[in-house]
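*Asks:* First the structure, which I've put down as structure tokens, then a few questions once you've had a look.
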């Protein structure tokens, strides 16, 4: 699955003009009701949809009538959204009819699918992708949303009561402990909590994903990108220096750059010094997901370097 991080589109999407519009309810209000989980978003209504991203992740599908790949991808996204029963809202944006939104998302090509978590954009897809990958990325979207406190469920139907509180399944205790630690920036405590969860259940996929993401956050905390790049350029075979830049690239959404850097490093190192690089690559592959084409390509290159 594609790695999705609120940092990944920093600077690439400008929603400031939309964020300042009046919102229907303050943050922290009970989960609102909606008539449908798939809505048509416009330049005028997007402010309200942006506010809903504080309750559930909002998936924004930028499309146009003339776009053939859009007609392949959009029905899949709609199907998966409805199956999630209110945990995700799909906002469809006709880029021809809504030029301000198209400009805000800097949609240079479509279909382009971006999620919003608490008002922050995160990348999902560009171009048509198969249903299996759509499901995988939606699953990770929910994980990232939970780590950012966006865990609501929208009530659906014309008679939905926007004031009615929504029952939310509680997080398992160790997951809740990890989330609370993330909220305070104590990544070391979050790592310990996820490690305990995995000791209890090694197949806990949420804990596996959460641990990988928190470890990445912990590693990049306090790093300066320019300084890290300079250090890596001066010491091309310094494993830790290359790790730092790869982590920053991945956190910033530059997945291919991160993989390419580590694979180049792996190729240049003596065979007895390669193990840490291979382990880091495997860890990062887990963050992105086995089905992601960038992971498939990087795995193939790693295999060729190993054998």
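*Asks:* Taking the stretch 50-98 on its own, how many of its residues are closer than 16 Å to residue 114 by Cα, part of a loop (DSSP other than H, G, I, E, B) and touching a strand residue (DSSP E or B) at 6+ places or on another chain (Cβ under 7 Å)?
*Replies:* 6
*Asks:* May I pose another question? If you go through the stretch 25-39 one residue at a time, do you hit one that is in contact with a helix residue (DSSP H, G or I) (Cβ under 6 Å, 6 or more places away or on another chain), modelled with pLDDT under 50 and surrounded by fewer than 18 Cβ atoms within 10 Å (Cβ to Cβ)?
*Replies:* Of all residues in the stretch 25-39, those in contact with a helix residue (DSSP H, G or I) (Cβ under 6 Å, 6 or more places away or on another chain) come to 37-38.
Keeping just the survivors that are modelled with pLDDT under 50 gives none.
No, there is no match, as no residue in the stretch 25-39 is in contact with a helix residue (DSSP H, G or I) (Cβ under 6 Å, 6 or more places away or on another chain), modelled with pLDDT under 50 and surrounded by fewer than 18 Cβ atoms within 10 Å (Cβ to Cβ).
*Asks:* Which of the helices (runs of 4 or more DSSP H) contained wholly in the stretch 195-307 include at least 2 residues that are under 25 Å from the mean Cα position of the chain (by Cα), touching a residue at least 60 places away in the same chain (Cβ under 8 Å) and outside the structural domain of residue 126 (by TED's automatic domain parsing)?
*Replies:* Output list reads 205-220, 239-251, 275-288.
*Asks:* Follow-up question, since we're still on this one. In this structure, does residue 102 turn out to be surrounded by 15 or more Cβ atoms within 10 Å (Cβ to Cβ) and either under 17 Å from the mean Cα position of the chain (by Cα) or under 27 Å from residue 147 (Cα atoms) (or both)?
*Replies:* The answer is no for residue 102.
*Asks:* Would you mind telling me which numbered condition in (1) surrounded by 22 or more Cβ atoms within 10 Å (Cβ to Cβ); (2) under 20 Å from residue 213 (Cα atoms) residue 125 fails?
*Replies:* Of the numbered conditions (1) surrounded by 22 or more Cβ atoms within 10 Å (Cβ to Cβ); (2) under 20 Å from residue 213 (Cα atoms), the odd one out for residue 125 is (1).
*Asks:* For the stretch 73-97, how many residues meet the condition of being more than 13 Å from residue 138 (Cα to Cα) and surrounded by 22 or more Cβ atoms within 10 Å (Cβ to Cβ)?
*Replies:* Summing the residues that are more than 13 Å from residue 138 (Cα to Cα) and surrounded by 22 or more Cβ atoms within 10 Å (Cβ to Cβ) in the stretch 73-97 gives 3.
The values are calculated or read from the model by the stated rules, or taken from the named source; none is laboratory data. Worth saying up front: this structure is predicted, and the values here are computed from it rather than measured. Because the Cβ atoms are built from the backbone with ideal geometry, glycine has one as well, and the counts that use them run over all protein chains shown.
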